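The values are calculated or read from the model by the stated rules, or taken from the named source; none is laboratory data. Treat the numbers as computed from the prediction; the structure is a model and nothing was measured. In this analysis, Cβ positions are derived from the backbone assuming ideal geometry, glycine residues included, and neighbour counts consider all displayed protein chains. Each accessible area value is taken on the protein alone, full model and side chains, heavy atoms only, with ligands, DNA and RNA left out. Shrake-Rupley method; radii C 1.70, N 1.55, O 1.52, S 1.80 Å.
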Amino acid sequence: MRHVGLIAGAAAAALVATGAITHAVAEDSGGARSAATAPAADSADAGFARDMAVHHQQAVEMSFVVRDRTTDTGVRRLAYDIAQTQANQRGMLLGWLDLWELPKVSADPPMTWMGMGDMPAGEDGALMPGMATNAEMRKLGELSGRRAEVFYLQLMTDHHNGGVHMAEGCVARCTVGVEKRLARGMVESQRSETRLMADMLKERGAAPRS
């Protein structure tokens, strides 16, 4: 029950913060930023918004997969809260790109905005650090019960570690204040969830993969 309370509280706080940040962006921009004040298409602000939207989408998909593969209340609640929070944040990131009148896709490789555009191409669909491969996503959909729980917690731990790395990059490089604030919130919430997932793995006789 302690896990459920922690997860629900963290998710509620994240959603409240998300709403506040969205409102702040709208106020700062007067409803729509002008081309003169919007970040450039190749800026860290735009790059983070595009890449994190893709990163979040996989977390949402992964979380909905595991909810159908286990009856464990704690894992299902965690998965639901991650899916809801990251879907909401993804909508914000794409909405900001609309406000800034910037494209949602780029010809540049992922992570270019962090100076990592020359890293090797992602293996089997894992486009950015922490992302699961296509094979891992298929495997998750084939497992059930405790095996699905453990694999999901391991995959999501990797996913959060990659997400924290990206969010820290935005904190260091982004110039839009509310986006930096969102990134800081991601770092804090995903680190907290990573610690929770380590405890949940330990309860199941397992550990993070790295």
Which numbered condition residue 183 fails, given (1) under 26 Å from residue 41 (Cα atoms); (2) open to solvent by 40 Å² or more (accessible area, probe 1.4 Å); (3) in contact (Cβ under 8 Å) with a residue 12 or more places away in the chain: (2)
Extreme residue, surrounded by the most Cβ atoms within 10 Å (Cβ to Cβ), among residues of segment 58-70 that are in contact (Cβ under 8 Å) with a residue 40 or more places away in the chain and over 19 Å from residue 158 (Cα atoms): 69
Given 157, 194, which one is in contact with a Pro (Cβ under 6 Å, 6 or more places away or on another chain) and of a type in the set (Val, Ile, Thr)? 157
Taking residue 28 as the residue in question, decide whether it is modelled with pLDDT under 95, out of contact with any Pro (no Cβ under 6 Å at 6 or more places or on another chain), open to solvent by 60 Å² or more (accessible area, probe 1.4 Å) and assigned to a helix (DSSP H, G or I). yes
Name every residue in segment 95-134 that is surrounded by fewer than 13 Cβ atoms within 10 Å (Cβ to Cβ) and either under 18 Å from the mean Cα position of the chain (by Cα) or under 21 Å from residue 201 (Cβ atoms) (or both), in order of residue number. 105, 134
For segment 195-210, which positions are surrounded by 13 or more Cβ atoms within 10 Å (Cβ to Cβ) and in a loop (DSSP other than H, G, I, E, B)? 204, 206, 207, 208
